[in-house]
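Scroll down for the structure; my scribbles are underneath it.
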Amino acid sequence: MMSITSRSGAFSPYLQAAKHSVKSLVLPGTKEPLAAAGKIGVMFCVCPAPGVTRLAHTDIKVPDFTDYRRPEVVDPSKSSQESADERRAFSYLLTGATTVIGVYAAKTVVTQFVSSMSASADVLALSKIEIKLSDIPEGKNMTFKWRGKPLFVRHRTEKEIAAEQAVNMAELRDPQHDNDRVVNPKWMIVLGVCTHLGCVPIANAGDFGGYYCPCHGSHYDASGRIRKGPAPLNLEVPYYEFPDDDTVVVG
Ligand code: FES
């Protein structure tokens, strides 16, 4: 109420003075200002609400914030503009450092979250299979279990290699040259899953000396290519590599 009244135009200086002299208008032992009591005449009302004593609180102590101020602005006689650049540089440095730490922390959290969704080490180990090639005699086929499926590793003879490489591509249902299906011609590695309905073919059987699927009579050659029967595609060649001459790692 007092603030609104004291902003009213030409009376403002007088009203401001009255605002700070309220205390002097309160007599010791009384609860109402003199103006409200009708003992002096004024043009405005400084009366508090009924039952409330209005006092100017000049006894409130303003806390000393010196400990919280930067040393450059403690002295009130010095212009704060003199140290503005220095303080601004410090603010920029603090902001930059906080940003870098925040970005690094966010990157760490995101990386850990994403890596928590990737396969664990034991699962990754199961996804590969290492095979010792010297255990497979020439002309033989061995079956391994890899990712829950049969895996055929065939040690081909020179005669088989020559025969498969000489096959006329025009005769093939799923044309693929033998050289495109092997890394080393001596080793033919395919999944032992028939491409018709998923049976496991029998090795060294069928009309072409490769694999034969007894379920519906599909014949594959020694390169795993479909030659006869209902299967539409060649046996699948997985990814594999030879770390050394005696080892192959599939997966
Ligand atoms: S599943 Fe092999 S021929 Fe049908």
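The values are calculated or read from the model by the stated rules, or taken from the named source; none is laboratory data. All values derive from a computational prediction rather than experimental measurement. Cβ atoms come from the backbone with ideal geometry, glycine included; neighbour counts cover every protein chain shown. Areas reflect the complete protein model, heavy atoms only, side chains present, ligands, DNA and RNA absent. Shrake-Rupley method; radii C 1.70, N 1.55, O 1.52, S 1.80 Å.
What the table shows:
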{"read-out": "Filter result for the condition that a residue is out of contact with any Gly (no Cβ under 8 Å at 6 or more places or on another chain), modelled with pLDDT under 95, within 16 Å of the ligand (Cβ to nearest atom) and not hydrophobic (A, V, I, L, M, F, W, C), over Gly139, Gly148, Gly206", "value": "Gly206"}
{"read-out": "Selected residue (criterion: surrounded by the fewest Cβ atoms within 10 Å (Cβ to Cβ)) from residues of segment 172-185 that are part of a helix (DSSP H, G or I) and touching a residue at least 12 places away in the same chain (Cβ under 8 Å)", "value": "Asn179"}
{"read-out": "Neighbours by Cβ (under 6 Å, 6+ apart or cross-chain): first from segment 105-133, touching a residue at least 24 places away in the same chain (Cβ under 8 Å) and charged (D, E, K, R); second outside any helix (DSSP H, G or I) and open to solvent by less than 90 Å² (accessible area, probe 1.4 Å)", "value": "Lys128/Val249; Lys128/Gly251; Glu130/Val249"}
{"read-out": "Unmet requirement for Val249, which otherwise passes all of (1) surrounded by 13 or more Cβ atoms within 10 Å (Cβ to Cβ); (2) touching a Cys at 6+ places or on another chain (Cβ under 8 Å)", "value": "(2)"}
{"read-out": "Segment 212-231, subset more than 6 Å from the ligand (Cβ to nearest atom) and part of a strand (DSSP E or B), residue nearest to the chain's Cα centre (by Cα)", "value": "Ile226"}
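Yes/no matrix, rows are residues, columns are (1) closer than 16 Å to Val248 by Cβ; (2) touching a strand residue (DSSP E or B) at 6+ places or on another chain (Cβ under 9 Å):
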position	(1), (2)
Ser115	no, no
Ala119	no, no
Trp146	yes, yes
Val167	no, yes
Val182	yes, yes
His216	no, no
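Table: residues versus (1) among the hydrophobic types (A, V, I, L, M, F, W, C); (2) more than 30 Å from Leu124 (Cβ to Cβ); (3) open to solvent by 10 Å² or more (accessible area, probe 1.4 Å).
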site	(1), (2), (3)
Trp187	yes, no, yes
Leu197	yes, yes, yes
Ala205	yes, yes, yes
Pro230	no, yes, yes
Pro238	no, no, yes
